[in-house]
Amino acid sequence: MNIDVSKLDEPQSQAALSFLENFVAVNENTKINELIDHSKRNG
C-alpha cells in the first residue's frame with residue numbers, strides 16, 4: 001500500500017491514523033476457528 005505521508009502532518013492526520021489502524025487491525029473470525037478445530041478433530 002502506498003501512502004503520501006506528508007498528509008499525516010495536516011489537521012486531518014488523526015483521521016488518517018485512525019484509518020490506518022483500522023486497516024491493519026486483525027479481527028478474529030470464530031467461524032473459521034471452529035472449522036479448523038473441527039477439521040483437526042475429524043482429520
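The values are calculated or read from the model by the stated rules, or taken from the named source; none is laboratory data. Remember, predicted model here, so these are calculated numbers, not experimental data. Backbone-built Cβ (ideal geometry, glycine too); neighbour counts: all protein chains shown.
A Cβ distance below 9 Å, combined with a sequence gap of six or more or placement on separate chains, defines the contacts here; from the range 20-36, residues that are under 14 Å from I3 (Cβ atoms) reach no residue that is among the hydroxyl-bearing types (S, T, Y). Could you look through the chain, keep only residues that are of a type in the set (G, A, S) and more than 20 Å from the chain's Cα centre (by Cα), and pick out the one that is modelled with the lowest pLDDT? For the chain, the residue satisfying everything is G43.
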